[in-house]
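The values are calculated or read from the model by the stated rules, or taken from the named source; none is laboratory data. Bear in mind that the values here come from a model prediction, so they are computed numbers and not experimental data. Neighbour counts run over all protein chains shown; Cβ positions are idealised from the backbone, glycine included. Surface areas here come from the heavy atoms of the whole protein model, side chains and all, with no ligands, DNA or RNA. Shrake-Rupley method; radii C 1.70, N 1.55, O 1.52, S 1.80 Å.
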Amino acid sequence: MAEYTDAHAGGAAKDMPELSDEDEEQWQCMDEEEEEEDGQPVSCLFCERLLSSVAATLQHCTAEHQVNLVDVIRKHSLDDYGYIKMINFVRSTKCDASCLMGLPDAPLPWESEAFLRPVLQDDPLLQTDPEELCDTQGSSASSCPSSGPGSHDATLLRAQAAEERARQSEEALSRAMDDLHKLKLLAQGLVLNAETGRPGNLGTVAELREDEDEAYFSSYGHYGIHEEMLKDKVRTESYRDFMYRNPEVFRDKVVLDVGCGTGILSMFAARAGAKKVIAVDQSEIIYQAMDIVRSNQLEDKITLIKGRIEDISLPVEKVDIIISEWMGYFLLFESMLDSVLYARDLYLADGGSVYPDLCNISLAAVGDTQKHRDRIAFWDDVYGFNMACMKKAVVPEAVVQEVNADTLISEPAVIQTIDCNRVCLSELEFASDFCLKITNTTDCTAVVGYFDIFFDKGCSDKVMFSTGPQVTKTHWKQTVFLLERPIPVQAGEELQGKITVRKNKKDPRSLLVTLELRDRKQTYLLQ
Ligand code: SAH
């Protein structure tokens, strides 16, 4: 220990974090435990044997491996420091006993500081004071290294070990905190799902949203939904007629098709004279669109990009026209208009246009006592049992179905007009007062909602289509809001009401619609 100076000790101490009182307490506890653990088995340095104590290990080494560790300590004047390094050297290099014999005085093979790191956890040999070993082995104190600075060193080593353990505990705690946080989010997600009545799903809230979007786009990956849309002649021919009959709108223009699906609108635009069409879709259907575009030799005009319009960047800075078929049930279900507005605000050149440009949402009163009985009164007597409580589950679900025009008992009332070139996102949630002019004296059993679409801006030949009950049916059908109790109405009277449309926060693609009619108020979910 002669070379172990105070300066050295100071340097080592500087590198060591200060132990807090708590650490010190822990350290004391560990010390006591270690003393109690004196009887714990000891692994031999040179073979697989487990010995009952340090003393038994020394005897075993002398008898079986012909090496007396005390002699080694004495010969090389090993202090605590050197002793620990020697033990770890033997354990880490797995050298045999002969490697400790006939060593020169210096340099010793375990000089490196790396041998301070314990090879075995809680190695009892490392917890042994070499001076004590020399004493118990009957050597003279003078031939053993002094205990002063060496003990200090051992303390430092033990403190280092304690620090390492504290660091590992901190890491474990941090991992546990992370897990706890994930569990919290998972629980929130499960509660959210339980509230919306959808099946449980493991993941965070953000993951749930992503999953919902994934499901949304994967539904558009199947050909069936596109077949239904393409076969909806009212819809598809309206887009076609608008483009073919207004070539001046498209000539030499750069067009963006938001949600191109099979590419039908892009191909109409190309045929109408567009210079370039950029077609974007996140769903897998775009791979079909790529084939379709090539099969129709339009690959020079139409560039297809797979991705969410919100995530990709276009190969051009600005476009002259945005076309999109984004309409959902009751117009706003699906919230795809949000994506069109995003594209408009980012890519539409000054003076450019979004088509379709105008949309109306309308309501009308329905008097269909037969259907009302079938859906509502039915629950009053089901095979002789009262199941009236079920009405509370039936009524709040808006129903997408075809409404027979003969059951309309009012003139329609437009409750909202949307100009796609001007509207902002926040206006897609709104409240509106309306007045239904009643045409028949009967019971009002429901209110029906639908929308009309206009291709108007700058068109010499304007095109429109309606999804109302009086005209040819479309795949959007109509949206029916059933009244729990019918309202008696007189021909000529005006039925006043208020409608509120907002996104469902728990699933922003679905809608919450609140209808106030006379003294009734009911919220409907459209999903
Ligand atoms: N334009 C086609 C398809 C309309 S359906 C036609 O008229 O037949 C709407 C399409 O928009 C779907 O294929 C859907 O995957 C896509 N879509 C919806 N939101 C989108 C978004 N944010 N980014 C990219 N594509 C989107």
Taking a straight Cα-to-Cα line shorter than 19 Å from LYS392, and setting aside same-chain lysines fewer than 8 residues away, one finds LYS371, LYS521
Which of rounded, prolate or oblate describes the range 318-415 when judged by the alpha-carbon gyration tensor and an a/c cut-off of 1.5? prolate
Work out how much length SER169 to THR441 would gain on full extension: take 0.36 nm times their residue separation and subtract the Cα-Cα distance, in nm to one decimal. 90.1 nm
Select from the range 236-268 those trypsin sites (Lys or Arg not before Pro) which occupy a DSSP coil region and have at most 15 other Cβ atoms within 10 Å, ordered by residue number. ARG251
Separation of the GLN59 and ASP406 label points, Cα + 7 Å toward Cβ, nm: 11.0 nm
Using label points projected 7 Å from each Cα along Cα→Cβ, tell me how many nm separate GLU132 and LYS505, to one decimal. 6.5 nm
Can you give the translational diffusion coefficient of the range 372-527 in µm²/s, computed by Stokes-Einstein from the Kirkwood radius over Cα pairs at 25 °C and 0.890 mPa s? 141 µm²/s
Computed E for CYS99/ASP300 - FRET, C-beta separation, R0 60 angstrom, nearest 0.05: 0.15
Summing +1 for each Lys or Arg and -1 for each Asp or Glu, what net charge is found among the other residues whose Cβ lies under 9 Å from the Cβ of ILE302? -1
Please find the FRET efficiency linking LYS233 to ARG373, where r is the Cβ-Cβ separation and R0 is fixed at 35 Å, and quote it to the nearest 0.05. 0.50
Can you tell me the mean projection area, over all orientations, of the convex hull of the range 234-351's alpha carbons? Units nm², please. 7.1 nm²
Through the Karplus equation 6.51 cos²θ - 1.76 cosθ + 1.60, θ set to phi - 60°, convert the phi angles of the range 384-397 into ³J(HN,Hα) values in whole Hz; use x for Gly and Pro. x, 10, 8, 10, 4, 4, 5, 4, 5, 8, 6, 4, x, 8
Could you estimate the translational diffusion coefficient of the range 72-137 from the Stokes-Einstein equation, with Rh from the Kirkwood formula over C-alpha pairs, at 37 °C and 0.692 mPa s, in whole µm²/s? 268 µm²/s
At 1.4 Å probe size, what's the solvent-accessible area of THR407? Round to the nearest 10 Å². 20 Å²
